[in-house]
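Everything below concerns the one structure shown next.
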Amino acid sequence: MTTDTDPVLAEDPITGEEIELPADVEVGEIIDSPVTGTELEVISLDPVTLEEAPELEEDWGE
Amino acid sequence: MTTDTDPVLAEDPITGEEIELPADVEVGEIIDSPVTGTELEVISLDPVTLEEAPELEEDWGE
Amino acid sequence: MSGTGSGADAATDTYTASVVGGTGFTGGELLRLLAGHPNFEVVQATSRSADNMTVGRSHPNLRDLDLRFSSPDDLESVDVLFSATPHGVSMGRVDDYFEVADTVVDLSADFRLPEATMYDEWYDGHESPEYLERAEYALPELNRENLPGADLIAGGGCNATATILGLKPLVDAGVLGPESGEVVVDVKVGSSEGGAGGGAASSHPERSGVVRPYAPTGHRHEAEIEAYLGLSVSFTVHAVDMVRGASATCHVFPDEPVSKGDLWKSYRGAYADEPFMRVVSGGGGVYRYPEPKSVAGTNHGEVGFELDPGNRRVVVFSAIDNMTKGSAGQAVHAANVALELPETAGLEFGGLHPVGSP
Amino acid sequence: MSGTGSGADAATDTYTASVVGGTGFTGGELLRLLAGHPNFEVVQATSRSADNMTVGRSHPNLRDLDLRFSSPDDLESVDVLFSATPHGVSMGRVDDYFEVADTVVDLSADFRLPEATMYDEWYDGHESPEYLERAEYALPELNRENLPGADLIAGGGCNATATILGLKPLVDAGVLGPESGEVVVDVKVGSSEGGAGGGAASSHPERSGVVRPYAPTGHRHEAEIEAYLGLSVSFTVHAVDMVRGASATCHVFPDEPVSKGDLWKSYRGAYADEPFMRVVSGGGGVYRYPEPKSVAGTNHGEVGFELDPGNRRVVVFSAIDNMTKGSAGQAVHAANVALELPETAGLEFGGLHPVGSP
Amino acid sequence: MSGTGSGADAATDTYTASVVGGTGFTGGELLRLLAGHPNFEVVQATSRSADNMTVGRSHPNLRDLDLRFSSPDDLESVDVLFSATPHGVSMGRVDDYFEVADTVVDLSADFRLPEATMYDEWYDGHESPEYLERAEYALPELNRENLPGADLIAGGGCNATATILGLKPLVDAGVLGPESGEVVVDVKVGSSEGGAGGGAASSHPERSGVVRPYAPTGHRHEAEIEAYLGLSVSFTVHAVDMVRGASATCHVFPDEPVSKGDLWKSYRGAYADEPFMRVVSGGGGVYRYPEPKSVAGTNHGEVGFELDPGNRRVVVFSAIDNMTKGSAGQAVHAANVALELPETAGLEFGGLHPVGSP
Amino acid sequence: MSGTGSGADAATDTYTASVVGGTGFTGGELLRLLAGHPNFEVVQATSRSADNMTVGRSHPNLRDLDLRFSSPDDLESVDVLFSATPHGVSMGRVDDYFEVADTVVDLSADFRLPEATMYDEWYDGHESPEYLERAEYALPELNRENLPGADLIAGGGCNATATILGLKPLVDAGVLGPESGEVVVDVKVGSSEGGAGGGAASSHPERSGVVRPYAPTGHRHEAEIEAYLGLSVSFTVHAVDMVRGASATCHVFPDEPVSKGDLWKSYRGAYADEPFMRVVSGGGGVYRYPEPKSVAGTNHGEVGFELDPGNRRVVVFSAIDNMTKGSAGQAVHAANVALELPETAGLEFGGLHPVGSP
Ligand SMILES: NC(=O)c1ccc[n+]([C@@H]2O[C@H](COP(=O)([O-])OP(=O)(O)OC[C@H]3O[C@@H](n4cnc5c(N)ncnc54)[C@H](OP(=O)(O)O)[C@@H]3O)[C@@H](O)[C@H]2O)c1
Ligand SMILES: NC(=O)c1ccc[n+]([C@@H]2O[C@H](COP(=O)([O-])OP(=O)(O)OC[C@H]3O[C@@H](n4cnc5c(N)ncnc54)[C@H](OP(=O)(O)O)[C@@H]3O)[C@@H](O)[C@H]2O)c1
Ligand SMILES: NC(=O)c1ccc[n+]([C@@H]2O[C@H](COP(=O)([O-])OP(=O)(O)OC[C@H]3O[C@@H](n4cnc5c(N)ncnc54)[C@H](OP(=O)(O)O)[C@@H]3O)[C@@H](O)[C@H]2O)c1
Ligand SMILES: NC(=O)c1ccc[n+]([C@@H]2O[C@H](COP(=O)([O-])OP(=O)(O)OC[C@H]3O[C@@H](n4cnc5c(N)ncnc54)[C@H](OP(=O)(O)O)[C@@H]3O)[C@@H](O)[C@H]2O)c1
Ligand SMILES: [Zn+2]
Ligand SMILES: [Zn+2]
């Protein structure tokens, strides 16, 4: 198996745990945390910083 | 693992294939064929002979 | 046992096993798991009603298994005897079991509770109370350290298992304790919980599409939860339209507010190293919280949580398959620990997607 | 209106009616109920997506109805306009509605809450707050006395309706009040709650066989319950495998112990004269407590209760069909009361047995 | 009978009725339909197992009915006795029935076939063959002209009804006849066909989610179809996951090619004036062909068809609710015709949308 | 490939694999099977809509898989590329696929039919007809001898697979041939056949509890059946309420009468040595004939038969899981044969009992 580059590391904003992300993440991209599954927005690179993405309110009928 | 005795062999009345039955089968006992699943009645021992057991008609409402 | 039993070459040891109650639902699940287990060889499955018939006649998924039911009166000598009979049977036969087996794993309620008085209160008393102290509760996430070498293992109740897995991290973290306020546990279960011999209420026309309160109050699993979590819970169980699955929603009101970060820490701390537990809480897509569907057929448990605005309430969701994690899988898991085999041996199946009402 | 409107010959009056949102689930249910109602004549059903198509194309049970959808932009003059559009539509069109109709019955959340500030808190604000005082909450069991003559009627939320019907007798009896301890409401709902335009989570492969936490906390119906019962509740909603139905299990901890006799008295007192309410609590057979199946397709509500040993907790079960009692049936019921028609007119269907997942 | 019986004021006549087998599924359906029927007053419902219990205990949709089961040994005098017992009961009690009732409507197979020899071939013979000639087959679409005044009415089999309704227009049009090639009828049915007393195969865990061949060949309804259509059919029945419903797919190979226009003409010709029949064949939306869901709970039947490219094969779809059109509804419909009441009296319910597995 | 590829040490070879269309239903099933396969290492799964997201977000059973979707535009080099995209995609990208992979296994219809003209007749033509001759049909029971070394493998259609498995033994035995009379194939399928992106008809409220004719005539799988069995069949497909499963009932009219013994001989002869096929026909218990439930989640196929009295008709039942034997499992099985790996590698899961609507 070959990958272009190694994964990058970042801190999970919810648990503080260190998580692995693909090498090619870009600012503004939405990506889910491998720990919590939460959708995170890439805020900056080098180092990669993340914050919780605004959740789409789903309105399941009422 | 221990078994009391070895399985006995008999002829499947539907397919003619040789099948294995538990050593302790008795005349009149109902046992299903390992090949066809059909319920068979033990007709005689030594050698074990089998025939199709009369099927219980199930009357699924109508 | 044909192997040496020591941890070293555990992976290649082989133990003979029998299943008492092999036509039943959890008996069938035991047979499925043991037949695929690298360290067990099933030598007997008992049935009174299907004596001499092939196992595949009862369990179509086991049609390739070359085994016929035999009578529970003629038990063969084995390393491990698993019993999956209704409550009350094993307590009367446990001496017989130990005559033929070194280790007994019982899936019924007969050895789950630690005190005979609890059987007087919640059941109809106990015939063999002298075994209660010897018995170890099967759930490794709760009781792993006491399982190695245990020779009488008592499988947990399925609804109790779901509840205990959901609440234990909060107890360990001190969020919940004996002095806590109300803990409401609202459970939803599938029809396989009723076993193979259901009555009118479990016929397909009556049982389809239900949300049916089947144990509004007073469910016996409360006793187990209280015994092992040290908590009294307000417990209600509903039947819903699925076959496998138990889902416990626990409504908890901590004395002090907790944050989502605290909760993640507690749950990750409790379960990050557990081979069968997953924390699922929020995130995207369709499967954001624990669901029975996500774990159906597997020995996995999923737990997750959410906070009320104001952090007044923590809602904890816990989902298992009652037939595996809630009974047969838990039993095999415990046996693996007891015999010092790899914990996940025979329990690797990870489930299906999509899947209907598994 | 072709009749006189006075109570005297109410049974023979005929009112013209239109349904905005006629392709939707509650819109279709309104059409079904109004088409079979002796006092209504449906003259229009709107749809943007199925403009000009027959109503039976969307709703196969209405194939015999001789009606085609028309555009919501071309509203005809009617006595009563029923609107069954998503939240946010009616608040923008209410002036238009009153230009063509004497009475407006809205099934959305747009006029349910009494204060504009509540819309700021729970929704995205309100466009026409001046109508909020004029609106009457539709549920007759809660608000019957204010309905006669009302010209803007706001249908209740389905989960709120189930909860209010379950808890109101305890509030009236003083068992529950603003100072009470925690009230946990654990709701289970069918897939029709999501409306006709569901996404991936409501596709059959993903939605079958679930017990899925879909509103773990923060569900908007909490606002309605608090507004009308004066109680704050801990509310969690689960999707389960049925199409119609909402079932609320309310876990209540009274300050003072209550007896089963007290409870029967409170519930019978509240509902014995209600044409659509039944108290179902214990008894024999398969259907001992409220179930959505027992009321599916009908405007009935079932409520029942059980006591924990020690009377520490009251569990209240409440079951309705979200499409009838929880929306379209409630709307028609309220219109009957508002127009002083017989209350049960058009709502007589009593349900089916056996029935699967209706 | 308290009315005059003549057609003139038929709408206001009232007939007393009893239901033998009132705890059963079709017995409950009869009670539901008769309780809502303007011309019937139910005076008795029998049960051996629930003697003295309220009817609502067995059938939760009938909780408002003020009636208790009584013993089938104490039959009251009535105008019309409906019997909904398993095959073999009515043939032994038919003399008793006529002692207490003017008209007997039997839902079992006991009087469906015209000749005693057919009972020897397909059942276990007949105890009261002298009644066979007197009996009229209930299905009005087949036998309307012989029903007025009939005093022994034999309800059709549900699968036979679906098949006959689907194929009759082709027989009438000469597309099908005794000399035609193979007619394959592949039927899918819900679990209520098995009645209230199902065994292991109809328990929820075993019966959920199935496509199960339950009558691969040799189903007794073949006899009825042959007797009334003059056609021998290749008949296979599958159990699928629904509670109500029977759906027959008939694969027909006409000697001469037919066009879609021909088919529409035949089916419209046959059913345009039938109050309960609909031709549904192509068109738009979700419901393009007959489906059990579209008619669930109703006395409607839907039929439709499609042509293979080359017009070599006609596929006919026919869908009914086995509990109504396939048994209790058909029985009431036939009684309406026999007593010269309006045909649709008591049978107006048009069904629900959306609806799950009704 | 990191191993040697020769049969000798096949069990330890490891091949890299990618899945194009990884968010889809069959793509997810491929990922599940390959992740548990001892000889494959999944290095890439593509998605346009979920690029960068974890695989477990789409498939909750794969939450433990450490893999994120990447774009189908950036394909990595692999030994084997599996493609699970809608019809029409692979035919346009097959050159790209072979640039990055030695072996391509395509699950769509794009390479199933042997002639370009058949694509003109049944689909919208073909973009890369030059590949058609190179492609091998995946089903090992039909085409095992041509698979070893094949580098373009075309997975069969699920309904075609069920039908071919059911009828092939009769063709081989000469009971059926091109000159035979009508062969009616009546198929019942689950909702996963529609893929992850279903529309209104596959929403839970509309799709639950159905028996819905979805391909009355003219289904494209007819072409495949005719191409590979040499038989023209009369084919009709119904949607029923399950998620996984395809069940084909084949009604066959042999020229010469056959006996049950003949049939057993033909089916046993055809399948006794097949690792995934079972003949299930009569016998006792609940599961007497093939059922999708019995094989759900597995790569097994069950076939069985019954004779009409008079031996005029043979009814053949064939049941598979459309997601495994009907697509992803068949693809992996074929890849095993092509690469000369053990046939059952990665496909050992034997299914569950009880199980609902899997
Ligand atoms: N179902 C669950 O989800 C679940 C979860 C956790 C724990 N459990 C516990 O597991 C046990 C088994 O439950 P189940 O659901 O598998 O029940 P089940 O399907 O009813 O099976 C019971 C089995 O026991 C056998 N049996 C009954 N009475 C017996 C007796 N006196 N002596 C010997 N065999 C007897 C029956 O077979 P024959 O009649 O043919 O002998 C049958 O094989 C129960 O104690 C239950 O509480 C079940
Ligand atoms: N489903 C329930 O159980 C339930 C219970 C209580 C209350 N409610 C409330 O009832 C309302 C309708 O719910 P539902 O489940 O029936 O929803 P639905 O099935 O999605 O139907 C919505 C209907 O509104 C129409 N529509 C959408 N946007 C519109 C617009 N801007 N202008 C005019 N018409 C529009 C749609 O048709 P076209 O796109 O063809 O115009 C459709 O007919 C919602 O407010 C819901 O909260 C629903
Ligand atoms: N289910 C269908 O879809 C369907 C369709 C068409 C025709 N049918 C026919 O309708 C009849 C009833 O079917 P079902 O499905 O309603 O059956 P079911 O649910 O099993 O009900 C049978 C009823 O008959 C009573 N009963 C049984 N044996 C009796 C006896 N010897 N004397 C008096 N009462 C007796 C039973 O009650 P107790 O034991 O309490 O007395 C029960 O009320 C059958 O002949 C069936 O073939 C059924
Ligand atoms: N479902 C079955 O039972 C079954 C059985 C046998 C054969 N098949 C065949 O298997 C194939 C897949 O079926 P399915 O049911 O798995 O469908 P599905 O659930 O709809 O999945 C289709 C997948 O293809 C991707 N995709 C769509 N268009 C694409 C494009 N232009 N380029 C790259 N990727 C694309 C989609 O993901 P993104 O949009 O995220 O890229 C998705 O992952 C079909 O050809 C089907 O006929 C299916
Ligand atoms: Zn379902
Ligand atoms: Zn179901």
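Across segment C:55-102, which residue is farthest from ligand 2 (Cβ to nearest atom) among those that are among the polar types (S, T, N, Q) and touching a Leu at 6+ places or on another chain (Cβ under 7 Å)? Lay out the reasoning, then the answer.
Applying the first criterion (among the polar types (S, T, N, Q)) to segment C:55-102 yields C:58, C:61, C:70-71, C:77, C:83, C:85, C:90.
From the residues that got through so far, the ones that are touching a Leu at 6+ places or on another chain (Cβ under 7 Å) too are C:61, C:83.
Values: C:N61: 38, C:S83: 47 Å.
Taking the candidates together, the pick is C:S83.
When you check D:G284 against the structure, is it within 16 Å of ligand 3 (Cβ to nearest atom), in contact with a helix residue (DSSP H, G or I) (Cβ under 9 Å, 6 or more places away or on another chain) and on the phi < 0 side of the Ramachandran plot, yes or no?
The answer is yes for D:G284.
Checking the structure you have, find out if any residue of segment C:249-259 is open to solvent by 20 Å² or more (accessible area, probe 1.4 Å) and within 14 Å of chain A (Cβ to nearest Cβ).
For segment C:249-259, residues open to solvent by 20 Å² or more (accessible area, probe 1.4 Å) and within 14 Å of chain A (Cβ to nearest Cβ): present.
If you go through segment E:202-212, how many residues are open to solvent by less than 10 Å² (accessible area, probe 1.4 Å), more than 16 Å from ligand 4 (Cβ to nearest atom) and outside any loop (DSSP other than H, G, I, E, B)?
Total satisfying the criteria: 4.
Residue under question is C:E226, and the condition is that it be more than 16 Å from ligand 5 (Cβ to nearest atom), surrounded by fewer than 22 Cβ atoms within 10 Å (Cβ to Cβ) and among the acidic types (D, E); does it hold?
For C:E226, the condition - more than 16 Å from ligand 5 (Cβ to nearest atom), surrounded by fewer than 22 Cβ atoms within 10 Å (Cβ to Cβ) and among the acidic types (D, E) - is met.
Can you pull out every residue in segment C:191-242 that is touching a Pro at 6+ places or on another chain (Cβ under 7 Å) and within 16 Å of ligand 3 (Cβ to nearest atom)?
C:P205, C:E206
Kindly establish whether D:G218 is more than 16 Å from ligand 1 (Cβ to nearest atom), over 24 Å from the mean Cα position of the chain (by Cα) and part of a loop (DSSP other than H, G, I, E, B).
no
Could you please let me know if D:E348 is free of Cβ contacts under 8 Å to residues at least 40 places away in the same chain, within 12 Å of chain C (Cβ to nearest Cβ) and within 18 Å of the chain's Cα centre (by Cα)?
Values: free of Cβ contacts under 8 Å to residues at least 40 places away in the same chain: yes; within 12 Å of chain C (Cβ to nearest Cβ): no; within 18 Å of the chain's Cα centre (by Cα): yes.
For D:E348, the condition - free of Cβ contacts under 8 Å to residues at least 40 places away in the same chain, within 12 Å of chain C (Cβ to nearest Cβ) and within 18 Å of the chain's Cα centre (by Cα) - is not met.
Working carefully through the options D:G157, D:G194, find the one that is under 26 Å from C:V243 (Cβ atoms), touching a His at 6+ places or on another chain (Cβ under 9 Å) and more than 9 Å from chain C (Cβ to nearest Cβ).
Checking each option against the conditions leaves just D:G194.
Residue under question is F:G27, and the condition is that it be open to solvent by less than 40 Å² (accessible area, probe 1.4 Å), assigned to a helix (DSSP H, G or I) and within 10 Å of another protein chain (Cβ to nearest Cβ); does it hold?
The answer is no for F:G27.
Looking at the structure I just gave you, is E:R244 within 16 Å of ligand 6 (Cβ to nearest atom) and either assigned to a loop (DSSP other than H, G, I, E, B) or open to solvent by 10 Å² or more (accessible area, probe 1.4 Å) (or both)?
Considered against the rule, which asks whether it is within 16 Å of ligand 6 (Cβ to nearest atom) and either assigned to a loop (DSSP other than H, G, I, E, B) or open to solvent by 10 Å² or more (accessible area, probe 1.4 Å) (or both), E:R244 comes out as yes.
Checking C:V43 against (1) crowded, with 21+ Cβ neighbours inside 10 Å; (2) more than 14 Å from chain F (Cβ to nearest Cβ); (3) of a type in the set (A, V, I, L, M, F, W, C): exactly one of these is not met. Which one?
That leaves (1) as the condition not met.
Residues in segment E:285-318 that are assigned to a loop (DSSP other than H, G, I, E, B) and over 21 Å from the mean Cα position of the chain (by Cα): how many?
10
Residues that are open to solvent by 10 Å² or more (accessible area, probe 1.4 Å) and within 24 Å of C:T324 (Cα to Cα): does segment F:300-314 have at least one?
Within segment F:300-314, one or more residues are open to solvent by 10 Å² or more (accessible area, probe 1.4 Å) and within 24 Å of C:T324 (Cα to Cα).
Going through D:R57, D:R32, D:R48 one at a time, which residue ends up being over 25 Å from D:L339 (Cβ atoms), open to solvent by 10 Å² or more (accessible area, probe 1.4 Å) and in a helix (DSSP H, G or I)?
That would be D:R57, the only listed residue that is over 25 Å from D:L339 (Cβ atoms), open to solvent by 10 Å² or more (accessible area, probe 1.4 Å) and in a helix (DSSP H, G or I).
What's the number of the condition E:S208 fails, among (1) more than 23 Å from the chain's Cα centre (by Cα); (2) more than 9 Å from chain F (Cβ to nearest Cβ)?
Evaluating E:S208 over (1) more than 23 Å from the chain's Cα centre (by Cα); (2) more than 9 Å from chain F (Cβ to nearest Cβ) leaves (2) as the failure.
Which number in (1) in a helix (DSSP H, G or I); (2) out of contact with any strand residue (DSSP E or B) (no Cβ under 7 Å at 6 or more places or on another chain); (3) surrounded by 21 or more Cβ atoms within 10 Å (Cβ to Cβ) marks the one condition that C:N159 misses?
(2)
So E:E340 ticks every box in (1) open to solvent by less than 10 Å² (accessible area, probe 1.4 Å); (2) touching a helix residue (DSSP H, G or I) at 6+ places or on another chain (Cβ under 7 Å); (3) over 29 Å from D:S191 (Cα atoms) but one. Which box is left unticked?
Only one criterion in (1) open to solvent by less than 10 Å² (accessible area, probe 1.4 Å); (2) touching a helix residue (DSSP H, G or I) at 6+ places or on another chain (Cβ under 7 Å); (3) over 29 Å from D:S191 (Cα atoms) is unmet by E:E340, namely (1).
Got a sec? Which of D:V211, D:V240, D:V184 is over 18 Å from D:R112 (Cβ atoms) and within 16 Å of ligand 1 (Cβ to nearest atom)?
Details: D:V240 fails: within 16 Å of ligand 1 (Cβ to nearest atom); D:V184 fails: within 16 Å of ligand 1 (Cβ to nearest atom).
None of the other options fit; the residue is D:V211.
Could you grab me the full set of residues in segment C:163-191 that are more than 8 Å from every other protein chain (Cβ to nearest Cβ) and of a type in the set (V, I, T)? Don't jump to the end; show me each part of the working.
Initially, segment C:163-191 is screened for residues more than 8 Å from every other protein chain (Cβ to nearest Cβ), giving C:163-180, C:183, C:185, C:187, C:189.
Within segment C:163-191, C:T163, C:I164, C:V171, C:V175, C:V183, C:V185, C:V187, C:V189 meet the criteria.
Determine the pairs where a residue that is free of Cβ contacts under 8 Å to residues at least 12 places away in the same chain, located within segment B:10-27, has a partner that is open to solvent by less than 100 Å² (accessible area, probe 1.4 Å) with Cβ atoms under 7 Å apart, the partner being 6 or more residues away or on another chain.
Going by the 7 Å Cβ cut-off, the qualifying pairs are B:E18/B:L9.
Can you pull out the residues in segment F:162-181 that are in a helix (DSSP H, G or I) and either crowded, with 22+ Cβ neighbours inside 10 Å or in contact with a Lys or Arg (Cβ under 9 Å, 6 or more places away or on another chain) (or both)?
Passing the criteria: F:A162, F:T163, F:I164, F:L165, F:G166, F:L167, F:K168, F:P169, F:L170.
So, in segment A:20-38, exactly how many residues are within 14 Å of chain C (Cβ to nearest Cβ), open to solvent by 50 Å² or more (accessible area, probe 1.4 Å) and outside any loop (DSSP other than H, G, I, E, B)? Don't jump to the end; show me each part of the working.
Here is the first cut: in segment A:20-38, the residues within 14 Å of chain C (Cβ to nearest Cβ) are A:29-38.
Add one more test, that the residue is open to solvent by 50 Å² or more (accessible area, probe 1.4 Å), and what stays is A:30, A:34.
If we keep only those that are outside any loop (DSSP other than H, G, I, E, B) too, we end up with A:30.
The qualifying residues number 1.
Quick check: anything in segment C:111-129 away from ligand 2 (no atom under 16 Å from the Cβ), assigned to a strand (DSSP E or B) and surrounded by fewer than 17 Cβ atoms within 10 Å (Cβ to Cβ)?
no
How many residues does segment F:239-256 contain that are more than 16 Å from ligand 5 (Cβ to nearest atom) and touching a strand residue (DSSP E or B) at 6+ places or on another chain (Cβ under 9 Å)?
Within segment F:239-256, residues that are more than 16 Å from ligand 5 (Cβ to nearest atom) and touching a strand residue (DSSP E or B) at 6+ places or on another chain (Cβ under 9 Å) number 9.
Check segment F:184-198 and report whether any residue there is surrounded by fewer than 21 Cβ atoms within 10 Å (Cβ to Cβ), part of a strand (DSSP E or B) and more than 16 Å from ligand 5 (Cβ to nearest atom).
For segment F:184-198, residues surrounded by fewer than 21 Cβ atoms within 10 Å (Cβ to Cβ), part of a strand (DSSP E or B) and more than 16 Å from ligand 5 (Cβ to nearest atom): absent.
Going residue by residue through segment E:263-272, is there one that turns out to be on the phi < 0 side of the Ramachandran plot, in a helix (DSSP H, G or I), in contact (Cβ under 8 Å) with a residue 24 or more places away in the chain and within 16 Å of ligand 1 (Cβ to nearest atom)?
No, segment E:263-272 has no match at all.
Would you be able to say whether some residue in segment C:89-102 is away from every other protein chain (no Cβ under 13 Å), open to solvent by 30 Å² or more (accessible area, probe 1.4 Å) and of a type in the set (G, A, S)?
The answer is yes; a qualifying residue exists.
The values are calculated or read from the model by the stated rules, or taken from the named source; none is laboratory data. Predicted, not measured: the structure shown is a model, and the values here were computed from it. Backbone-built Cβ (ideal geometry, glycine too); neighbour counts: all protein chains shown. The accessibility values were calculated without ligands, DNA or RNA, using every heavy atom of the protein model including side chains. Shrake-Rupley method; radii C 1.70, N 1.55, O 1.52, S 1.80 Å.
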